[in-house]
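Bear in mind that the values in this text are calculations on the coordinates, not laboratory data. Note that the coordinates shown come from a computational prediction; the quantities given were computed from them, not determined experimentally. Neighbour counts run over all protein chains shown; Cβ positions are idealised from the backbone, glycine included.
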Amino acid sequence: MVTASLPGTLSPARRASDLAELARSDVDVVVVGGGVTGAGVALDAATRGLSVILLERTDLAAGTSRWSSKLVHGGLRYLAHGEIGLARESARERAVLMGATAPHLVRRLPFLVPDVAGRDVTALAAAGGRLGDAVRLSVPGGRGSLPSTRRVSPDEVSRLVPGVRPGRGGVVFWDGQLVDDARLVVGLARTAAAYGARILTGAAVTAVDGADVHVRVDDEAFVLGAGVVVNATGCGRSGWRRPSGWCPRAGRTWSCPAPRSARRRPR
């Protein structure tokens, strides 16, 4: 029995079909980089009705997304720098992942800071954890997504981490952790594909020249027309020539609107 492909299937047949349409394609958005940022941008653009092509030089989640800490953090490091708004955004996105879009991929992760590290250390951990709890409770879906920060007894410290020197308590705070970060990236890419985005791996962008994006796939060169190019290649070197008008965005993502005179509309 032959089973029909699902809309978001990233199969060899779909890749061949997308490649056949690649030459002289004009699209609204070209996303360069198949990590979590690139896949997320492709999904966001596709769900807004834009035509999208994502180009990844190697494979999905092959770079920074594969080597991440796997933490779905609620912004404690942002709180340390006074970036309350960014911390709330992180906490809100964590709640969405844990409660709606990817509860099968994100789990609760406890952190123990024992008193043997120094009471000043545990006091700081407790203060940071409780501030993080306050931020979590202030966002939709945050209440109940994680347990609250609390003091634990010496017996509980020994139970949680038997290797810690016994006799003293500690502080436990919580965050989120991905079961598999690559699965999250692939899930985003497949959902984007289900909304019509073309996801092409093994596609190396060699240059961006105005509205033209130069791509090499399987030793064959193509030129795409793009309304906007988003560079989501992360902290690694992309290895291609960038135009002079590129503007940095958060998370090492760069976007480049094509010059108005060179901008093309999809056919």
Calculated log₁₀ intensity ratio I(q)/I(0) where the Debye formula runs over C-alpha points of the range 143-244, q = 0.23, 0.25 Å⁻¹: -1.29, -1.33
Relative contact order %, the range 71-179, counting alpha carbon pairs below 8 Å whose residues are six or more apart: 37 percent
Per-bin percent of Cα-Cα distances, the range 1-134 [10 Å]: 10, 27, 29, 18, 10, 5, 1
Crossing angle, helix 36-47 versus the chain [Cα axis fit, 0-90 degrees, rounded to tens]: 60 degrees
Cα Rg, Dmax (largest Cα-Cα span) when computed across the range 71-179, Å: 14.4, 42
Cα-based helix-to-principal-axis angle, 119-137 vs the chain, degrees rounded to 10: 50 degrees
Rounded to 10°, Cα long-axis angle of helix 181-194 versus longest principal axis of the chain: 40 degrees
Cα-centre dipole for the chain with unit charges at Cβ (Lys and Arg positive, Asp and Glu negative), debye to 20: 460 debye
Calculated SAXS-style log₁₀ I(q)/I(0) at q = 0.15, 0.17 Å⁻¹ - the chain, Debye, Cα scatterers: -1.05, -1.23
The chain: calculated mean residue ellipticity at 222 nm from DSSP helix runs of at least 4, using -39500 (n - 2.57): -9000 deg cm²/dmol
Dipole magnitude of the range 71-179, debye to nearest 20 (Cβ charges: Lys/Arg +1, Asp/Glu -1, about Cα centre): 160 debye
Per-residue Cβ neighbour rank within 10 angstrom, fewest leading, THR191, THR9, THR37: THR9, THR191, THR37
The range 20-85 - Debye-derived log10 I(q)/I(0), Cα point model, q = 0.12, 0.16, 0.17, 0.24 Å⁻¹: -0.46, -0.71, -0.76, -1.01
Pair ASP26, TRP67: separation of 7 Å Cα→Cβ label points (nm): 4.0 nm
